[in-house]
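See below for the structure under consideration.
What follows draws every value from the coordinates through simple rules; no lab data is involved. All values derive from a computational prediction rather than experimental measurement. Positions of Cβ are generated from backbone atoms using ideal geometry, with glycine treated the same way; all protein chains shown enter the neighbour counts.
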Amino acid sequence: MPPSRKQNYATSSLVIGYALCSSLLSVINKLAITHFNYPALLTALQYLTSSLSVYLLGKLRLLRHDPFSLPTAKRFLPAAAVFYLAIFTNTNLLRHANVDTFIVFRSLTPLLVAAADTLLRSQPPPSGLTFLSLLVILAGAVGYVANDSAFTLTAYSWAVGYLVTITTEMVYIKHMVSSLDLNTWGFVLYNNLLSLMIAPVFWFLTGEHTDVLTAVNSNGGNVFDPVAFFAVALSCVFGFLISFFGFAARQAISATTFTVTGVVNKFLTVVINVVIWDKHATPVGLVCLLVTICGGVGYQQSVTVVKKPHTGKVDDELRELSKGDTDA
């Protein structure tokens with residue numbers, strides 16, 4: 001087989017792998033938190049799986065990551081704390097709302113990121129097309145909320161918390177990536193390992209440790225039923241896979257192709273969510289959700305630019321993280 005064809009197959013495999021992981025991850029997390037109602041413990045298990053996998057694969061020389069050092073960890077800790085809060089609020093949002101609500105609020109992040117870049121980082125204001133796309137996103141989100149029959153104050157409180165933390169994480173990660181000399185897997189290792197260290201704080205702050213101990217005692221020492229065990233294990237595996245396929249796909253394809261793939265993933269997530277169960281929005285809500293995603297298509301097209309060749313150890317793709325599709 002010619003080398004070019006092998007390269008095409010390899011690239012296609014990475015894109016397909018990323019698309020499947022990204023499309024399924026929100027639904028799998030919703031399944032996991034439905035059957036295992038301990039968000040802090042669930043996220044800790046995901047961090048443990050990802051950090052341990054990177055460490056073991058590094059020992060086997062299947063990947064290379066920067067060694068863990070205390071000075072670097074201290075510098076990275078604020079970013080890891082913001083990342084943990086984003087994932088924690090995300091998990092609690094999925095705990096109290098459906099996947100469609102998560103996608104709507106996730107799609108609102110470009111609006112807040114654009115405002116933060118303009119107000120806090122002295123970036124130029126959005127272009128006409130970008131501003132129009134942001135208005136479409138906002139209109140779709142408002143329409144969705146107005147027609148959400150499952151609206152609860154608790155769910156939308158977590159949604160607002162998630163929106164604030166994920167926006168902060170997106171803006172702050174630009175500074176952190178450019179100031180730390182780490183490779184891709186180094187960022188994955190530090191992010192997950194430090195988040196794992198933060199997790200016990202939230203076990204006690206939320207009182208979840210008491211709930212877990214009560215469940216263990218009432219079930220004769222067994223927390224997991226078979227369905228919960230399978231869902232949690234699957235979420236841990238996909239949490240690690242999205243790290244691999246996401247970073248690998250960024251490096252293998254152009255920025256435009258990656259962002260288009262990210263938008264298509266949201267459509268696939270909506271379809272999968274509607275097909276497999278009844279935990280989704282009303283028909284009118286789904287239409288508003290699709291309007292929001294279409295606004296995201298316009299936004300991605302307006303901000304995607306051709307990147308210069310990679311010239312340093314820090315991945316250029318990570319510098320544009322807030323413009324791409326992430327799965328926090």
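Structure summary
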| quantity | calculated |
| --- | --- |
| Computed E for THR34/VAL201 - FRET, C-beta separation, R0 25 angstrom, nearest 0.05 | 0.50 |
| Dipole of region 25-116 [Lys/Arg +1, Asp/Glu -1 at C-beta], most positive-end residue of THR34, ALA86, THR72 | THR72 |
| Potential lengthening between TYR172 and PHE68 on full extension [0.36 nm per residue; Cα-Cα distance subtracted] | 35.3 nm |
| Contour minus Cα-Cα distance for VAL274 and ALA146 (0.36 nm per residue) | 44.1 nm |
| Packing-based ranking, highest mean first, of 17-25, 134-142 given that Cβ atoms within 10 Å are counted | 17-25, 134-142 |
| Cα-based shape type of region 6-46, given that a ≥ b ≥ c are square roots of the gyration tensor eigenvalues and the cut on a/c is 1.5 | prolate |
| Distance between modelled label sites at ASN183 and ARG61, nm, 7 Å Cα→Cβ extension | 1.3 nm |
| Net length gained if the chain between ARG75 and LEU20 were fully extended (0.36 nm per residue, minus Cα distance) | 16.4 nm |
| For peptides 56-63, 160-167, 95-102, 143-150, sequence by mean Cβ density within 10 Å, most packed first | 95-102, 160-167, 143-150, 56-63 |
| Three-way shape call for region 3-132 based on the alpha-carbon gyration tensor, with the a/c threshold at 1.5 | rounded |
| Shape of region 36-89, Cα gyration tensor, a/c cut at 1.5 | oblate |
